[in-house]
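S.K.: Okay, handing you the structure first.
The values are calculated or read from the model by the stated rules, or taken from the named source; none is laboratory data. Since this is a predicted model, take the numbers as computed values, not measurements. Ideal geometry is used to build each Cβ from the backbone, glycine not excepted, and the neighbour counts take in all protein chains shown.
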Amino acid sequence: MRLRLPKPKMPKFEVRNFAGAVKDLVLMPFRTKPVRKLGTALLWTPKKIMWVLRKIMYGIVATPGTIARSPVQLYNKSKAWRDWVLEKVDYLEAESAKWKRTFQIAKSPYSILLKMGFSPQYAIGLIAVGSTAATGAVAAEAMKPPSFAAGDPGVYNAPLDSPIFSDKEFNTLRLDLGTTPIGLVEISDITVGTAYSNSALPSGETKPVIVGGLPAVVDPAFAQTFLEVGHMTVDRWRCDTLTLTNIEAHELIVRDNASDGQSISAVAGTPRDRGISGGNRAADMHTSGGYYDQVKITAATTNVNGKVDRLILSNLYTKGGACVLDRIKAGTLEVILNEVGLGNGFATKEFTIATSVIYKTFVNEDNVEVSIASAPAAAGPS
């Protein structure tokens with residue numbers, strides 16, 4: 001009997017996805033955990049480095065803009081703070097002005113009565129009849145110290161508003177100009193000399209108005225002075241006589257003056273133009289209204305010229321002597337719309353511009369001779 005052994009069978013391999021099998025076979029060593037970590041480190045580290053470098057570059061590029069913007073931001077913040085402060089300052093100034101106006105209104109009856117010619121005592125008594133409160137305000141004003149701005153008589157050293165000398169028997173308005181330049185001096189609407197009732201010139205004086213420097217004197221020694229002016233205006237004066245002497249004016253304007261006889265003999269020359277500087281100059285000086293025995297604007301310190309950039313003397317009603325402009329050096333001098341005369345005929349020249357008046361340019365227009373009598377006296381203060 002023959003023994004038969006079974007045939008050995010070889011295992012069958014069936015590869016349905018050959019490409020996937022090959023991929024798995026190749027990638028199998030890299031699918032272990034250590035290898036995966038190594039791969040992640042190799043792939044992500046350059047990316048992180050590039051991210052950090054990009055941020056650094058962004059910072060470098062943005063830094064100039066930030067630096068450039070910082071002053072602008074600081075300015076904007078400072079401007080907001082400044083505007084807030086100025087708003088408060090404007091508010092306080094407005095409130096101060098309102099209170100000042102309130103007190104001015106409270107005392108205005110007294111000032112108005114003084115302008116009308118009443119004496120201070122009579123004005124106080126008149127207002128006292130009306131109101132006790134008003135009397136208090138008026139009394140406070142009447143008792144305040146004299147000042148140039150208020151039109152009080154006295155001797156004033158510019159730019160001081162308070163007089164260096166004042167007395168109830170002294171009725172002269174005198175302003176001495178010296179080393180301190182003044183921006184503006186303005187005197188207007190005043191009556192001077194014997195032009196009002198019960199008035200007289202000061203003892204020994206013959207001129208109600210004197211404007212200019214002073215002559216040299218030997219004993220006591222005094223060196224000649226001049227009044228230096230940038231622009232001077234003399235307008236609407238009423239004078240017995242008006243005389244201009246020893247004047248240098250770059251531009252001389254004489255226009256629309258009427259006089260009972262005139263002699264205009266100014267001489268051409270080369271005076272320089274001028275303006276008065278001085279940086280932070282003294283405060284302007286104004287006064288308006290009042291009755292005075294005499295008005296003087298002089299340079300009273302030896303060898304020191306008085307200096308004012310703008311001098312305005314307007315509407316002076318005078319009587320009792322000559323109005324004199326003497327020893328003045330001006331950039332521009334205007335003499336306009338004045339009336340001068342004593343009623344003694346054209347042969348006597350009441351309006352005189354002497355040959356000592358020198359000009360660079362001269363405007364001489366519409367100055368006429370007409371009969372003008374001496375000014376009648378006006379009613380003075382009570």
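S.K.: Looking at this structure, is residue 356 among the small types (Gly, Ala, Ser) and under 36 Å from the mean Cα position of the chain (by Cα)?
M.R.: Spelling it out, residue 356 is indeed among the small types (Gly, Ala, Ser) and under 36 Å from the mean Cα position of the chain (by Cα).
S.K.: Within the bounds of the range 238-261, is there any residue that is outside any strand (DSSP E or B), closer than 21 Å to residue 374 by Cβ, at pLDDT 95 or above and basic (Lys, Arg)?
M.R.: no
S.K.: Applying the selection to the range 149-165, what residues are of a type in the set (A, V, I, L, M, F, W, C) and surrounded by fewer than 20 Cβ atoms within 10 Å (Cβ to Cβ)?
M.R.: Across the range 149-165, the qualifying residues are 149, 150, 155, 160, 164, 165.
S.K.: Sticking with this one: Specify the residue that is surrounded by the most Cβ atoms within 10 Å (Cβ to Cβ); the eligible residues are those in the range 166-177 that are among the hydrophobic types (A, V, I, L, M, F, W, C) and closer than 16 Å to residue 284 by Cα.
M.R.: Top of the filtered list is 177.
S.K.: Report every pair of residues separated by at least 6 positions or lying on different chains whose Cβ atoms are under 8 Å apart, first residue within the range 360-382 and free of Cβ contacts under 8 Å to residues at least 40 places away in the same chain and within 11 Å of residue 340 (Cβ to Cβ), second among the small types (Gly, Ala, Ser) and surrounded by fewer than 17 Cβ atoms within 10 Å (Cβ to Cβ).
M.R.: So the pair list comes out empty.
S.K.: Taking the range 200-237 as the region of interest, how many residues are part of a strand (DSSP E or B), acidic (Asp, Glu) and under 25 Å from residue 303 (Cβ atoms)?
M.R.: Of the residues in that region, 1 qualify.
S.K.: List pairs: first residue in the range 326-350 and under 12 Å from residue 369 (Cβ atoms), second residue in a strand (DSSP E or B) and among the acidic types (Asp, Glu) anywhere in the structure, Cβ distance under 9 angstrom, at least six positions apart or on different chains.
M.R.: Hits for this filter: 346/369.
S.K.: Quick check on the range 343-377: of everything there that is farther than 30 Å from residue 231 by Cβ and hydrophobic (A, V, I, L, M, F, W, C), which residue is surrounded by the most Cβ atoms within 10 Å (Cβ to Cβ)?
M.R.: Among those that are farther than 30 Å from residue 231 by Cβ and hydrophobic (A, V, I, L, M, F, W, C), it is 377.
Table: residues versus (1) aromatic (Phe, Trp, Tyr); (2) without any contact (Cβ under 8 Å) to a residue 40 or more places away in the chain; (3) under 17 Å from residue 332 (Cβ atoms).
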residue: 216; (1), (2), (3): no, yes, no
residue: 227; (1), (2), (3): no, no, yes
residue: 242; (1), (2), (3): no, no, no
residue: 252; (1), (2), (3): no, no, yes
residue: 277; (1), (2), (3): no, no, yes
residue: 294; (1), (2), (3): no, no, no
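S.K.: On to the next question. If the requirement is being at pLDDT below 95 and touching a Leu at 6+ places or on another chain (Cβ under 8 Å), which of these qualifies: 373, 322?
M.R.: Result of the check over 373, 322: 373.
The rows are residues; the columns are (1) out of contact with any helix residue (DSSP H, G or I) (no Cβ under 7 Å at 6 or more places or on another chain); (2) at pLDDT below 75; (3) among the charged types (D, E, K, R).
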| site | (1), (2), (3) |
| --- | --- |
| 66 | yes, yes, no |
| 69 | yes, yes, yes |
| 75 | yes, yes, no |
| 82 | yes, no, yes |
| 88 | yes, no, yes |
| 91 | yes, no, no |
| 101 | yes, yes, yes |
| 105 | yes, yes, no |
| 108 | yes, yes, no |
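S.K.: Further question: Restricting attention to strands (runs of 3 or more DSSP E) lying wholly within the range 266-382, give those where 2 or more residues are under 16 Å from residue 254 (Cα atoms) and of a type in the set (A, V, I, L, M, F, W, C).
M.R.: In the range 266-382, the matching strands (runs of 3 or more DSSP E) lie at 306-319, 322-336, 351-353, 357-365.
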